[in-house]
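The values are calculated or read from the model by the stated rules, or taken from the named source; none is laboratory data. The structure displayed is predicted, hence computed values, not measured ones. Quick reminder, even Gly has a Cβ in these numbers, built from the backbone with ideal geometry, and neighbours come from all protein chains shown.
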Amino acid sequence: MASQSGSKTVIYAALVGNFLIAATKFVAAFFTGSSAMLSEGIHSLVDTGNGFLLLYGMKRAARPADRTHPFGHGRELYFWSFVVALLIFALGAGVSFYEGVVHILDPEPIENPIVNYVVLGLSILFEGGSWLIALKEFRHAKGALGWWQAVRQSKDPTVYTVLFEDSAALIGLLIALVGITLAQVLEIPELDGVASLGIGLLLAATAVFLAREAKGLLMGEAAAPEVQDRVLAIAQADPAVQQANGVVTVHLGPNQIVAALSVEFEDAASIGEVEACVERIEKRLREEMPQISGLFIKPQTAARWQAKAARIEAAG
């Protein structure tokens with residue numbers, strides 16, 4: 001999936017755009033009294049903070065292994081991605097809902113609406129630029145996979161998190177534009193609050209989806225099938241291996257995988273030959289698959305592995 005440099009480029013672009021847009025929206029909300037514009041300002045401010053959290057998570061995840069974390073700190077990125085989802089829900093969606101309800105119960109006409117239109121137009125332009133950068137990086141990262149499949153299989157949440165945030169921001173801007181326009185044309189100021197509720201629903205849905213993806217990564221997801229197949233092929237190619245039965249993998253970070261390999265060695269292989277075989281397999285994996293940060297090899301007959309695999313399959 002995406003490289004770390006590509007992910008940082010996407011996050012930096014989103015940070016700059018979101019900060020400038022948030023400041024502009026707050027100024028516009030102050031002069032016009034628009035609830036939808038205030039919700040959009042809070043949305044952009046939350047997105048700005050989320051960008052800093054993702055960068056912090058990437059920095060923490062890049063720390064080397066130590067005594068208390070022998071396989072590194074890769075899952076820190078997944079933790080901070082989950083925090084980002086919570087902030088989108090609690091701050092972005094929560095405040096938008098609150099502002100919407102307040103302006104529906106106590107509506108106020110929008111003043112200087114032209115300011116809102118100018119700000120929304122500029123915001124769509126800037127947000128669209130950030131969205132295009134995130135989209136380009138995600139398209140590069142997904143390869144031949146479909147869009148939905150790429151998101152579900154991705155082990156690097158940084159790019160698709162920014163892409164979903166920017167997508168929600170663009171849709172939210174359109175909702176705000178429609179709400180403000182209808183409130184002015186129809187002279188129904190409550191519609192401005194309704195638009196704020198719509199933005200809140202959009203952010204809540206985005207947050208739930210991102211939280212679900214982050215939860216799966218935190219719990220530990222297996223490596224892609226092609227990665228597992230390559231590990232088995234490398235093991236099977238060794239002359240001391242009679243059968244590479246199977247492999248169990250778990251991602252500790254976007255580029256950190258721990259693999260447990262079940263191998264049936266040749267019956268005539270001595271203990272020394274088995275040790276030499278394990279070293280050869282480890283060496284090839286380090287050279288060809290540096291993302292395998294930990295490898296455990298268990299001598300096991302094919303029958304025992306198949307029985308265990310069958311039990312796991314039966315348990316769902």
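Okay, here's what the table says:
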read-out	value
Residues of region 103-151 satisfying the condition of being surrounded by 15 or more Cβ atoms within 10 Å (Cβ to Cβ) and among the β-branched types (Val, Ile, Thr)	Ile104, Ile110, Val115, Val119, Ile124, Ile133, Val151
Test: residue in region 211-218 that is at pLDDT 90 or above, among the basic types (Lys, Arg), outside any loop (DSSP other than H, G, I, E, B) and on the phi < 0 side of the Ramachandran plot	yes
Which listed residue, of Ser196, Ser167, is in a helix (DSSP H, G or I), surrounded by fewer than 22 Cβ atoms within 10 Å (Cβ to Cβ), in the same structural domain as Leu77 (by TED's automatic domain parsing) and of a type in the set (Gly, Ala, Ser)	Ser167
Failed item in (1) farther than 18 Å from Phe26 by Cβ; (2) in contact with a Phe, Trp or Tyr (Cβ under 9 Å, 6 or more places away or on another chain), with Val115 passing the rest	(1)
Sole residue being buried (at least 18 other Cβ atoms within 10 Å of the Cβ) and touching a strand residue (DSSP E or B) at 6+ places or on another chain (Cβ under 6 Å), chosen from Thr301, Thr249	Thr249
Pairs, first assigned by TED's automatic domain parsing to the domain that holds Thr32 and at negative phi in region 101-115, second assigned to a helix (DSSP H, G or I) and hydroxyl-bearing (Ser, Thr, Tyr), C-beta under 6 Å, six or more apart	His103/Ser35; Ile110/Thr32; Glu111/Thr32; Val115/Thr32
Selection within region 245-289 - within 23 Å of Pro70 (Cβ to Cβ) and without any contact (Cβ under 8 Å) to a residue 12 or more places away in the chain	Glu275, Glu279, Lys283, Arg286, Glu287
Scan of region 174-224 for residues that are out of contact with any Ser or Thr (no Cβ under 8 Å at 6 or more places or on another chain), aliphatic (A, V, I, L, M) and under 30 Å from Ile292 (Cα atoms), ordered by number	Ala211, Leu218, Met219, Ala224
Test: Leu203 is surrounded by fewer than 17 Cβ atoms within 10 Å (Cβ to Cβ), touching a residue at least 40 places away in the same chain (Cβ under 8 Å) and under 26 Å from the mean Cα position of the chain (by Cα)	no
Of all residues in region 227-249 being small (Gly, Ala, Ser) and not in a strand (DSSP E or B), the one that is farthest from Glu273 (Cα to Cα)	Ala233
